[in-house]
1. Within 28 Å of the chain's Cα centre (by Cα) and without any contact (Cβ under 8 Å) to a residue 40 or more places away in the chain - does that describe any residue in segment 293-305?
2. Tell me the residue from 216, 249 that is assigned to a loop (DSSP other than H, G, I, E, B), modelled with pLDDT of 85 or more and more than 23 Å from the chain's Cα centre (by Cα), please.
C-alpha cells in the first residue's frame, strides 16, 4: 500500500516548499505537518483531527485529498488490534487481576484529583479571566490579506464592499463557530474551510478556516484564519491616490487624485502573472517592468501569459475580446475589461502608500 506521508513529503519537496511556509499558509502547526509526513498519528487528539489536517495539507499541495484519506484509513485498519474473540485465551486468576486493577484505579484517581485541584484548575481559571478582559468585544476588518485571530463571543468582523460594508457577529465559540450575518447564522466546523456568502448575492465573499475551538468552554474562543475570496466584490475596491503614493517600477510619486482599483494589498510586493484568453481578433501589446514592449495580433482561442516583478502596461485594441486573470501569491483575480470596440490602455502595478502598505492596482491610462 502506498504511504500517504511519503506522498506528502515528495510533493512538498518537488514544489520546493518548506514546512514553515506551509504552516504559515494553512495555519496547521509545523509539528502536525511533520507528523503527517512521518505518519505519526499518535500525537493528534483523535482521528477527526488527522482527517481534517490531512485534507487541508493535501489540497494545499494540489493532491487528491480523498485518496490520501483512504490511505490513512487503510493504515489504521491494518494497525487495529486483533478482535478479542480471535485470540486464544489463557487461564488467569480473575480475583488477583481485579484486586490489582482496583488498586491502580484508586491510586490514579487520587493523583488526578490532587493535580487538578492544586495546579490545573487555579491556573486555567486565572488565564480565562485575563483572556476575557483582553479580547471581549473586539472588532476586525477582513481583506484579501489573511487575518488570523482568536475570536470570542461578541466580537465583530467587518467585510468592506465598494459601496458599503457588512458586519458579522461571533455568536458562538463552543464546539462549532457560529457567525451571525445579514442573511442568517452560518456555522464552521473544526478543521473546515468554508467559503461564505455574507451579503445574500449567492456568490462566496470570504473564506473562513477554523483551526482550534474548545468543546467544553466557550470563553476560550476560536482560532480562525479568514480572508476575502479572490474575484469577489469585496476583494476589489476603487480608491484615489493620496499624497505620498509611489509607483514601485518607476520610483516616482503618483499624481494625487488619480483613480485606481485595488486588487490586493500586503506588507510587501511580489511578482504577479496575467493570463489572457481571447474570443475575437485583437491587437494586443504589453510591456513588463522596464523591458521592451511585445505586440501580437491574436484571435479567438489564443492565450497569452505575461509576468512582471512590479508593473505591466497593457494596450488592447478591442477590450471586449479578451478575458484576463491575475495570479499573485497562489491566488487568482478576474480583471474587469471594457466595452466592445473600446481601445484600452491599462497599468497593472504595485504602489506603496505613505503608511508603508503595498497595493497591487489597476488604472486606466489616458
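The values are calculated or read from the model by the stated rules, or taken from the named source; none is laboratory data. Model, not experiment: these values are computed from the prediction. As a convention, Cβ positions derive from the backbone with ideal geometry for all residues, glycine included, and neighbour counts pool all protein chains shown.
1. Initially, segment 293-305 is screened for residues within 28 Å of the chain's Cα centre (by Cα), giving 305.
Checking which are without any contact (Cβ under 8 Å) to a residue 40 or more places away in the chain leaves us with 305.
Yes, that holds for at least one residue.
2. Numbers: 249 fails: modelled with pLDDT of 85 or more.
Matching residue, one of 216, 249: 216.
Table: residues versus (1) assigned to a strand (DSSP E or B); (2) touching a residue at least 24 places away in the same chain (Cβ under 8 Å).
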site: 314; (1), (2): yes, yes
site: 326; (1), (2): yes, yes
site: 332; (1), (2): yes, yes
site: 338; (1), (2): no, no
site: 349; (1), (2): yes, yes
site: 356; (1), (2): no, yes
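Condition check ((1) farther than 24 Å from residue 357 by Cβ; (2) in a loop (DSSP other than H, G, I, E, B)) across all residues:
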{"site": "269", "(1), (2)": "no, yes"}
{"site": "273", "(1), (2)": "no, no"}
{"site": "276", "(1), (2)": "yes, no"}
{"site": "280", "(1), (2)": "yes, yes"}
{"site": "301", "(1), (2)": "yes, yes"}
